[in-house]
Amino acid sequence: MTATRGFGIDIGGSGIKGALVDLEKGALIGDRLRIDTPHPSTPKAVAEVVTEVVQHFGWDGPVGITLPAVVKRGVSHTAANIDQSWIGTDAGVLFAKSLGRPVGDIAVLNDADAAGMAEIRFGDPAARTGVTCLLTFGTGIGSAVFQDGKLVPNTEFGHLEVDGHDAEKKAAASVKDNEGLSYPHWAKRVNRYLTVLENLIWPDLFIVGGGVSKKSEKWVPLLDIRTPVLVASLQNNAGIVGAAAAAAEGLEH
């Protein structure tokens, strides 16, 4: 019997968000809970918050958890916008112990990959054919690439060098806020980044997500690139939905 409900947690550089998910509709059930990411964001401190979120909802089934990191077989190999002590940490084992669950009930995956999986499944059908690249603009820039709906896991295109800088240091949504940039000014930076990226991978479609996608009308129309751009239909909840789906299906990357 296919699960109709799941639970996902999206760990970011500024906040940890969790919610129950309707796996048939790809939508949150009720409100999500957001707790500020602890500082320092060590594995132990983050695991404590994740446990608090799960217990808040009284959820006792499989849990999907995203990390802003390259994740292979549950192990974090990088740490973007979280404490560097995550590198080499077996996140699957860590969260299983903290939650008191079998490791098999925990799915840990890259945050943008989770968001992309949710968009491919529940978003615009156009994303399911050809090369689709989802980009999440938040504290950093996450990326997920799909060929005919099949994920190429752990791409890190937010760290492309653009004009001598790490792309996310100039074009992440957090940079817009921290530098007090107007939407038109920031959109120019995003446009430059997308131009470099599209010349490297020649996608058929970009999907842009992250919290700033809620204000898409202020910047997406200003983009001038050859690749069509869609706004993520699930906006900033895509990571939670994708994580819950991954856990329900026992997926790990």
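The values are calculated or read from the model by the stated rules, or taken from the named source; none is laboratory data. Please read these numbers as outputs of a predicted model, since none were measured by experiment. All Cβ positions, even for glycine, are placed from backbone atoms using ideal geometry, and neighbour counts span all protein chains on display. Note: areas computed on protein heavy atoms with side chains; ligands, DNA, RNA excluded. Shrake-Rupley method; radii C 1.70, N 1.55, O 1.52, S 1.80 Å.
Criterion applied to 143, 98 was being in contact with a Leu (Cβ under 9 Å, 6 or more places away or on another chain) and either in a loop (DSSP other than H, G, I, E, B) or hydroxyl-bearing (Ser, Thr, Tyr) (or both), and the one residue passing it is 143. The number of residues in segment 142-153 that are open to solvent by 10 Å² or more (accessible area, probe 1.4 Å) and at pLDDT 95 or above comes to 8.
Residue pairs whose Cβ atoms lie under 8 Å apart, sitting 6 or more positions apart in sequence or on different chains, and linking a residue in segment 215-228 that is free of Cβ contacts under 8 Å to residues at least 12 places away in the same chain and farther than 16 Å from residue 184 by Cβ to a partner that is of a type in the set (S, T, N, Q) and surrounded by fewer than 16 Cβ atoms within 10 Å (Cβ to Cβ), do not occur here. Out of everything in segment 51-75 that is under 16 Å from the mean Cα position of the chain (by Cα) and not small (Gly, Ala, Ser), what residue ends up being surrounded by the most Cβ atoms within 10 Å (Cβ to Cβ)? This residue is 65. Cβ-Cβ contacts under 6 Å between residues 6 or more apart (or on different chains), taken from a first residue in segment 149-164 that is touching a residue at least 12 places away in the same chain (Cβ under 8 Å) and assigned to a loop (DSSP other than H, G, I, E, B) to a second residue that is surrounded by 17 or more Cβ atoms within 10 Å (Cβ to Cβ) and β-branched (Val, Ile, Thr), are listed as 149/120; 154/70; 155/145.
Scan segment 120-136 for residues that are assigned to a strand (DSSP E or B) and either touching a Ser or Thr at 6+ places or on another chain (Cβ under 6 Å) or modelled with pLDDT under 95 (or both) and the total you get is 2. Only a single item in (1) in contact with a helix residue (DSSP H, G or I) (Cβ under 8 Å, 6 or more places away or on another chain); (2) on the phi > 0 side of the Ramachandran plot is not met by residue 58, and it is number (1). Please give the number of the condition residue 175 fails out of (1) in a helix (DSSP H, G or I); (2) farther than 24 Å from residue 69 by Cβ; (3) open to solvent by less than 50 Å² (accessible area, probe 1.4 Å). Answer for residue 175: the failing condition is (2).
Would you point out the residue of segment 76-106, among those that are surrounded by fewer than 18 Cβ atoms within 10 Å (Cβ to Cβ) and aliphatic (A, V, I, L, M), that is farthest from residue 141 (Cα to Cα)? Top of the filtered list is 103. Determine, yes or no, whether residue 25 is open to solvent by less than 60 Å² (accessible area, probe 1.4 Å) and of a type in the set (Lys, Arg). For residue 25, the condition - open to solvent by less than 60 Å² (accessible area, probe 1.4 Å) and of a type in the set (Lys, Arg) - is not met.
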